[in-house]
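Step one of this worksheet: look at the structure below.
Computed from the coordinates by the stated procedures, all read-outs in this text should not be read as laboratory data. None of the values given here were measured: they were computed from a predicted structure. Neighbour counts run over all protein chains shown; Cβ positions are idealised from the backbone, glycine included.
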Amino acid sequence: MNKVLKKPVPGLAAAAASQARPSRAEAEEAVRTLIRWAGDEPDREGLIGTPERVVRAYEEFFAGYADDPREILARTFEETDGYDEMVVLRDIRLESYCEHHIVPIIGKAHVGYLPAHRVVGISKLARVVEAYAKRLQIQEKMTAQIANCIQEVLEPRGVAVVIEAAHQCMTTRGIRKPGVAMVTSRMLGAFRDDASTRREFLAMIGRGGAGGYA
Ligand SMILES: [Zn+2]
């Protein structure tokens, strides 16, 4: 297979070029196309500035691509006076975008870990959530990515991530089921192996009782 790739392949340069980031003008033109597809006229007064605004909004919605979550967690504190109890950040506001329909996924994330020798500033946990959320996502993958990143960089005794979120692709189109939240979780280390640790975490995020799912 590699031998084949070494020969100049017609169309390969064009394929590579099509993967390059489009210009702002190309992105705005794509928005104009979608406006026409929706059935409206991009040149009418109310819509004239819309492609530019949508492209700017995309820069905010998808800011996570510019972040390196591992980098965010890189600065840790080792002087913890032996603190080895659970650290939990709950109710982190989460705004993501479904990769199948590019509509919002809105909800909250709860993140916990059991420090082994390092802790991070708590705002860093929220920033890791944000770095993965501000991308085209599916909730299951995002949940796993957040947990795996914390596990790999901090090397704690365990990590727990629970995300509960409503998917606008489900509430405003398709089967139209408002009020439905999807809950995903990823438990690593002690949270996976030890039921009492898991229960403690779920109680701390308010999911420990009969309404919980432990
Ligand atoms: Zn969707």
- With the dipole of the chain defined by +1 on each Lys or Arg Cβ and -1 on each Asp or Glu Cβ, the option from Ala195, Ser185, Trp37 whose Cα lies farthest towards the positive pole is Trp37
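Provide Met86, Met204 in ascending order of the number of other Cβ atoms located within 10 Å of each residue's Cβ, fewest first.
Working: Met86 18, Met204 15.
Going from least to most buried by this count: Met204, Met86.
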- Query: Sequence-distant or interchain residues sharing an amide H contact under 5 Å with Thr80, placed H: which?
  - Reply: none
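With charges only on Cβ, +1 for K and R and -1 for D and E, what is the dipole size of the stretch 68-204 about its Cα centre, in debye, rounded to 20?
740 debye
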- Query: Arranged by the count of other C-beta atoms within 10 angstrom, fewest first, what order do Leu47, Leu188 take?
  - Reply: Leu47, Leu188
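List Leu94, Leu114 from most exposed to least, where exposure is judged by having the fewest other Cβ atoms within 10 Å.
Leu114, Leu94
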- Of Asp81, Asp91, Asp193, the one that fluctuates the most in a GNM where the chain has Cα springs shorter than 10 Å: Asp81
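Evaluate 2.2 N^0.38 Å with N set to the residue count of the chain, then give the Cα radius of gyration divided by it. Don't jump to the answer; show the numbers that get you there.
Numbers: Rg = 21.6 Å, N = 214, 2.2 N^0.38 = 16.9 Å.
So the chain has a normalised radius of gyration of 1.28.
Fully extended, how many nm does the chain gain between His100 and Ala116 (0.36 nm per residue separation, minus their Cα-Cα distance)? Each step should come with its number before you reach the end.
Values: separation 16, 0.36 × 16 = 5.76 nm, distance 3.81 nm.
Residue separation times 0.36 nm, minus the Cα-Cα distance, leaves 1.9 nm.
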